[in-house]
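Structure first, then comments.
Where a number appears in this text, it was derived from the coordinates with a stated rule and is not lab data. The structure displayed is predicted, hence computed values, not measured ones. Virtual Cβ from ideal backbone geometry, glycine too; neighbours counted across all protein chains shown.
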Amino acid sequence: MDPVQGRAADPRTFVHLFTCIQSAAICDFPKAVKVVEVGPRDGLQNEKEMVPTGVKIQLIDMLSETGLPVIEATSFVSSKWVPQMADHAEVLKGISLAPHVRYPVLTPNMQGFHAAVDAGATEVAVFGSASETFCKNNINCSIEESFQRFKEIISSAKQAHIPVRGYVSCAVACPYEGHVEPAKVAEVAKRLYELGCYEVSLCDTTGVGTPGSMASMLKCVVKEVPTNALAVHCHDTYGQALANVLIALQMGISVVDSSVAGLGGCPFAKGATGNVSTEDVVYMLNGLGIETGVNLSKVIHAGEFICKALNRSTNSKVAQATLKSETS
Amino acid sequence: MGNVPAAVKHCLSHEALAQEHPWLLRWLVDEKSAAICDFPKAVKVVEVGPRDGLQNEKEMVPTGVKIQLIDMLSETGLPVIEATSFVSSKWVPQMADHAEVLKGISLAPHVRYPVLTPNMQGFHAAVDAGATEVAVFGSASETFCKNNINCSIEESFQRFKEIISSAKQAHIPVRGYVSCAVACPYEGHVEPAKVAEVAKRLYELGCYEVSLCDTTGVGTPGSMASMLKCVVKEVPTNALAVHCHDTYGQALANVLIALQMGISVVDSSVAGLGGCPFAKGATGNVSTEDVVYMLNGLGIETGVNLSKVIHAGEFICKALNRSTNSKVAQATLKSETS
């Protein structure tokens, strides 16, 4: 009964109202999203083909022209473990530093941190894990031991006024342990944040996450770490990345990691894809009316360049469609 | 906000409130995630690979291979498999063997096998070949309609009226499609109101279900939601389906938002068969494997056995001498061989 008009309310009104409320919730997106480009590091690190230093520098310089606000340049990891990143100092010293772009570099330990600072690093990143087994296999220590390392790095970084970004790998599942409890992810993320990381990126390392498991994990984490200090790093190994990014946006996340041309395979499913492509993410954000400051054409162009250099095809559907229709 | 009392401003400042009342933040987070995780309990996956998929493949597929593909798909639990199209072989040579295919497949008891019937001639041929369900293809864009089936939207409805009327008499259900539900390759953006109008007409003419097609794959969750918001006001949600193309990688995100809006029928194509005629070499249909993987992860029932779909996809890709468009198949088959 409509109390104002004094007549039975039309049921269609309630359907209409419900539809409006529901679509308001699911279309409640951030006004702006920061896209963090991880292609030169995470992407190339997982490419089989060794990339000449000059090509890496050229890629980063091209990306610096696209409007991307953050470009992860390289990793100061031992060349014994990651030969692809052996030229880290050269790369960092060789790139043209664009004024409005940040160039974080990975620093897995104090040795790497010092080398990074010597090479002129102005931002660093540390890689935590929500899975003990992955931590052991990846950096040869327990989660607790890894935090001792991070504490030292973050403390030194603070003294040098160098911001630190944190990563939590296996935020949904671990290639060895399988499902990872959201509470564990929240605990690790919280520790990184409280230690001093200005931002914590939650990584679906194996790409097995779907919007449901993504939302469950985020629901837990956002109660422990401010939403505006969180990022998602989705892998597209099972094609779920954009849907996962979408639900993360709906949960209020406004920082998304991606890799130009979807560079970077998956070390756990041989030959399968890894990182979600920057082109496809930016396309979606553009379509949603979300500001990124990124020029999509220039990203496609950078992607085209690196794919030629790597002699491989792009993993980006947007690049594929755009470049194909240009040549047809 | 200069004249707004301090107390109100404080209430409106979510962060301040959340700090003072941590329970509020937890409640807001729970409410938000409940709203965005409100999915249907079950979703019907409509397999369009043998028709929409193969129709857009360059390689001509032997009749025997088509039949084998459909028979394999019939074992997967997929409830609907679009088998073929009774369209003139002059226009679509790939579908020239429509009658043979329909007569040759083993009809699984719990599976429906709709076939496209663009006109009365096709409808009669389909019935003669034993069709028990048909589909008609409408458009929300005049230009696309003209270029695709050589008539206006109004004229197309005259054809559909006749087909649907004849189908009704023969107790044959009819599924409707609305192509260019988001954008048209010629006209660009298509108004949601137009899509709603065409969908409503198809539904009121007698289509039991209307599938909304993002023909060019340019849709993103925003344009998808805008379109659906309009259409669900005119057609019952449970009579709607989405048919998303993955040309720009947006398909699964588009399917997700459709599910959040209450849509519970999703079209897809095994191995992501079917290119895009409007972006040469680009991909088209979203792959059934990737859709089912997502639905499984969301705890949504489909009745579909993912392994068997991957297996069917592997078969047709070998036959077509092409690689799969499904990321799930790629990851699964790669890890099996590593």
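Along the charge dipole of chain B, pointing to its positive end and built from +1/-1 on Cβ of Lys, Arg, Asp and Glu, which listed residue (B:VAL270, B:ALA35, B:LEU298) has its Cα farthest out?
Of the candidates, B:VAL270 comes out farthest on the positive side.
State which entries of B:LYS32/B:LYS327; B:LYS229/B:LYS308; B:LYS66/B:LYS90; A:LYS31/A:LYS223; B:LYS41/B:LYS168; A:LYS56/A:LYS136 exceed 25 angstrom in Cα-Cα distance in the structure shown. List each step's numbers first, then the result.
Details: B:LYS32/B:LYS327 30 Å; B:LYS229/B:LYS308 35 Å; B:LYS66/B:LYS90 19 Å; A:LYS31/A:LYS223 22 Å; B:LYS41/B:LYS168 31 Å; A:LYS56/A:LYS136 30 Å.
Check vs 25 Å cut-off fails for B:LYS32/B:LYS327; B:LYS229/B:LYS308; B:LYS41/B:LYS168; A:LYS56/A:LYS136.
With unit charges on the beta carbons (Lys and Arg positive, Asp and Glu negative) and the dipole taken about the Cα centre of chain B, which residue among B:TYR208, B:SER326, B:GLY176 sits farthest to the positive side?
B:GLY176
Can you work out the Karplus-derived ³J(HN,Hα) for every residue in segment A:313-320? Use 6.51 cos²θ - 1.76 cosθ + 1.60 with θ = phi - 60°, whole Hz, and x for glycine or proline.
8, 5, 9, 8, 5, 4, 5, 4
Among B:ASN119, B:ALA199, B:GLN94, whose Cα projects farthest towards the positive end of the dipole of segment B:81-220, with charges put on the beta-carbon of Lys, Arg (+1) and Asp, Glu (-1)?
Checked the options; the winner is B:ASN119.
Relative contact order of segment A:124-263: what whole-number percent is it, with Cα pairs under 8 angstrom and at least 6 residues apart?
Working: 261 pairs, mean separation 30.0, N = 140.
Computed value for segment A:124-263: 21 percent relative contact order.
Test of understanding: ordering A:CYS170, B:CYS317 by Cβ neighbours within 10 Å, fewest first, what list do you get?
Ordered by Cβ neighbours within 10 Å, fewest first: B:CYS317, A:CYS170.
Taking only Cα atoms and a 10 Å spring cutoff, compute GNM fluctuations for chain A and point out the largest among A:ARG312, A:ARG149, A:ARG191.
A:ARG312
Other chains near B:241-253: what is the mean number of their Cβ atoms within 10 Å of each residue's Cβ?
Per residue, the average neighbour count from other chains is 6.
Which three numbers, in whole Å and largest first, are the semi-axes of the equivalent ellipsoid of segment B:190-338 derived from its Cα gyration tensor as √(5λ)?
29, 17, 13
In debye to the nearest 20, how big a dipole does segment B:227-338 give about its Cα centre with +1 on each Lys and Arg Cβ and -1 on each Asp and Glu Cβ?
220 debye
What is the magnitude of the charge dipole of the protein assembly as shown about its Cα centre, with +1 placed on the Cβ of each Lys and Arg, -1 on the Cβ of each Asp and Glu, and no other charges, expressed in debye to the nearest 20?
Details: 53 positive and 66 negative charges, 24 e Å.
So the magnitude is around 120 debye.
When the Cα centres of segment A:69-146 and segment B:126-182 are compared, how far apart do they sit, in Å?
59 Å
What is the magnitude of the charge dipole of chain B about its Cα centre, with +1 placed on the Cβ of each Lys and Arg, -1 on the Cβ of each Asp and Glu, and no other charges, expressed in debye to the nearest 20? Could the numbers behind the result be given before it?
Numbers: 27 positive and 34 negative charges, 31 e Å.
Dipole size: approximately 140 debye.
Could you work out the relative contact order of chain A, using alpha carbon pairs under 8 angstrom and six or more residues apart, expressed as a whole percent?
Reported as a whole number, the value is 19 percent.
Would you pull out the residues with amide H under 5 Å of A:SER75's amide H, same chain only if 5 or more places away, H placed 1.01 Å from N?
Counting only residues 5 or more places away or on other chains, the set is A:LEU106.
Looking only at B:GLN121, B:GLN250, B:GLN94, which one moves most when chain B is put into a Gaussian network model with springs between Cα atoms under 10 Å?
It is B:GLN121.
Given only helices, namely DSSP H runs of n ≥ 4 each adding -39500 (n - 2.57), what is the per-residue ellipticity at 222 nm of chain B, to the nearest 500 deg cm²/dmol?
Calculated from helices alone, the mean residue ellipticity at 222 nm is -13500 deg cm²/dmol.
Taking the Cα centre of each part, how many Å lie between segment A:44-68 and segment B:190-256?
What the calculation gives is 40 Å, centre to centre.
Quick one: which residues, 5 or more positions from B:GLY275 or on another chain, have an amide H under 5 Å from its amide H? H modelled 1.01 Å from N in the peptide plane, none for Pro or chain starts.
Placed amide hydrogens put B:ASN56, B:GLU57 under 5 Å from B:GLY275.
Among DSSP bridges having both ends in chain A, what percentage is antiparallel? Round to the nearest 5.
Working: 5 of 35 bridges.
Antiparallel: roughly 15 percent of the beta bridges in chain A.
Could you list which residues have their amide H under 5 Å from that of B:GLU209, counting only those 5 or more apart in sequence or on another chain, with H placed in the peptide plane?
B:GLY176
Applying 1/(1 + (r/R0)^6) with R0 = 25 Å to the Cβ-Cβ distance of B:LYS318 and A:ARG312, what FRET efficiency is obtained, to the nearest 0.05? Walk me through the intermediate numbers first.
Numbers: r = 23 Å, r/R0 = 0.92.
Efficiency for this residue pair is about 0.60.
Convert each backbone phi in segment A:278-289 into a coupling constant with the Karplus relation 6.51 cos²θ - 1.76 cosθ + 1.60 (shift: θ = phi - 60°), then list the ³J(HN,Hα) values in order as whole Hz, x for Gly and Pro.
Ordered by residue, 3J(HN,Hα) equals 4, 4, 5, 5, 4, 4, 5, 4, 4, x, 8, x Hz.
Can you work out ³J(HN,Hα) from phi for every residue in segment A:179-188, in order, using Karplus 6.51 cos²θ - 1.76 cosθ + 1.60 and θ = phi - 60°, giving whole Hz and x for Gly and Pro?
Taking θ as phi minus 60°, the curve returns 4, 10, 5, x, 4, 5, 4, 5, 5, 5 Hz for segment A:179-188.
Mean-square fluctuation check for chain B, GNM, Cα pairs under 10 Å: which of B:VAL111, B:VAL266, B:VAL136 is largest?
It is B:VAL111.
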